[in-house]
């Protein structure tokens, strides 16, 4: 059965800290891995990763994929209170279609 | 704002009833996906349509059905509603059929079954 596991499930840090969120997966026919940020409502897209070892970066956020070890990390540097959210990792797998398999999410709380 | 729209925002209905949720994808996107998010199950994929055709199916209940119309909007029909169907229902869209296309999520419809 396909599965995506995120760790930790929750994290409390102070502003300015750097955090690393983990996502491991076991799926058939991996196609891509996506990170989303979910605040109050809809998940907002952060990154899509398809190739190993290539870092994707957007401001203070960055992510990398390791297809050999089947995991990805999301780094957030110089955290701000606005980074408080649930971060979701999803894997697209299978022979057709774009079905996303989501992890449980990591709830990040950034204290002032 | 992702460009994906969903109506209604909230829906409260009774057990046994039937409801229809509506989704309009981003301009230019041909794929529409439906997901259910509940506290105990997290985000679960229900079904995908690509250019009017069903493309992939998840663990969607037989009481649920969906379709995508020629103008590419989609509707998710939920019937014989049960208390356990209370959840947030998200629609997402992407340009292509899957694999390397980013999915963008709509604001969701919160369904409460009483």
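Bear in mind these aren't lab numbers, they're just calculated from the coordinates by the rules spelled out. This structure is a prediction, so every number in the text was calculated from the model and none was measured. Ideal geometry is used to build each Cβ from the backbone, glycine not excepted, and the neighbour counts take in all protein chains shown.
Within region B:53-63, does at least one residue satisfy the condition of being surrounded by 13 or more Cβ atoms within 10 Å (Cβ to Cβ), away from chain A (no Cβ under 14 Å), in contact with a strand residue (DSSP E or B) (Cβ under 8 Å, 6 or more places away or on another chain) and in contact (Cβ under 8 Å) with a residue 12 or more places away in the chain? Show your work before the answer.
So the first thing to find is which residues in region B:53-63 are surrounded by 13 or more Cβ atoms within 10 Å (Cβ to Cβ), and the list is B:54-58, B:60-61, B:63.
Next, only the ones that are away from chain A (no Cβ under 14 Å) stay: B:61, B:63.
From what is left, the residues that are in contact with a strand residue (DSSP E or B) (Cβ under 8 Å, 6 or more places away or on another chain) are B:63.
Of the ones still in play, those that are also in contact (Cβ under 8 Å) with a residue 12 or more places away in the chain are B:63.
Yes.
Tally time: how many residues in region B:85-100 are assigned to a helix (DSSP H, G or I) and without any contact (Cβ under 8 Å) to a residue 12 or more places away in the chain?
Total meeting the criteria: 0.
What's the number of the condition residue B:88 fails, among (1) more than 9 Å from chain A (Cβ to nearest Cβ); (2) out of contact with any helix residue (DSSP H, G or I) (no Cβ under 8 Å at 6 or more places or on another chain); (3) more than 21 Å from residue A:94 (Cβ to Cβ)?
The single condition residue B:88 does not satisfy is (1).
Among the listed residues A:65, A:34, which satisfies the condition of being crowded, with 16+ Cβ neighbours inside 10 Å and closer than 24 Å to residue B:2 by Cα? Walk me through it before giving the result.
Working: A:65 fails: closer than 24 Å to residue B:2 by Cα.
After ruling out the rest, the residue left standing is A:34.
Right, residue B:71: loosely packed, with under 13 Cβ neighbours inside 10 Å, out of contact with any helix residue (DSSP H, G or I) (no Cβ under 9 Å at 6 or more places or on another chain) and either assigned to a strand (DSSP E or B) or within 12 Å of chain A (Cβ to nearest Cβ) (or both) or not? Spell out the reasoning first.
Details: loosely packed, with under 13 Cβ neighbours inside 10 Å: yes; out of contact with any helix residue (DSSP H, G or I) (no Cβ under 9 Å at 6 or more places or on another chain): yes; either assigned to a strand (DSSP E or B) or within 12 Å of chain A (Cβ to nearest Cβ) (or both): no.
Answer is no for this residue.
Could you tell me which residue of region A:1-11 is farthest from residue A:112 (Cα to Cα), considering only residues that are in contact with a strand residue (DSSP E or B) (Cβ under 6 Å, 6 or more places away or on another chain) and exposed (fewer than 12 other Cβ atoms within 10 Å of the Cβ)?
A:3
For region B:101-114, enumerate the residues that are in a strand (DSSP E or B) and surrounded by fewer than 18 Cβ atoms within 10 Å (Cβ to Cβ). Full working, then the answer.
Restricting attention to region B:101-114, the residues satisfying the condition of being in a strand (DSSP E or B) are B:104-105, B:109-113.
B:110, B:112 - these are the residues of region B:101-114 that are in a strand (DSSP E or B) and surrounded by fewer than 18 Cβ atoms within 10 Å (Cβ to Cβ).
When you go through A:61, A:49, A:100 one by one, which is the residue that is more than 14 Å from chain B (Cβ to nearest Cβ), closer than 19 Å to residue A:6 by Cβ and touching a strand residue (DSSP E or B) at 6+ places or on another chain (Cβ under 7 Å)?
Details: A:49 fails: more than 14 Å from chain B (Cβ to nearest Cβ); A:100 fails: more than 14 Å from chain B (Cβ to nearest Cβ).
It is A:61.
Report, by residue number, each residue of region B:2-14 that is surrounded by 12 or more Cβ atoms within 10 Å (Cβ to Cβ) and assigned to a loop (DSSP other than H, G, I, E, B).
Within region B:2-14, B:2, B:3, B:4, B:8 qualify.
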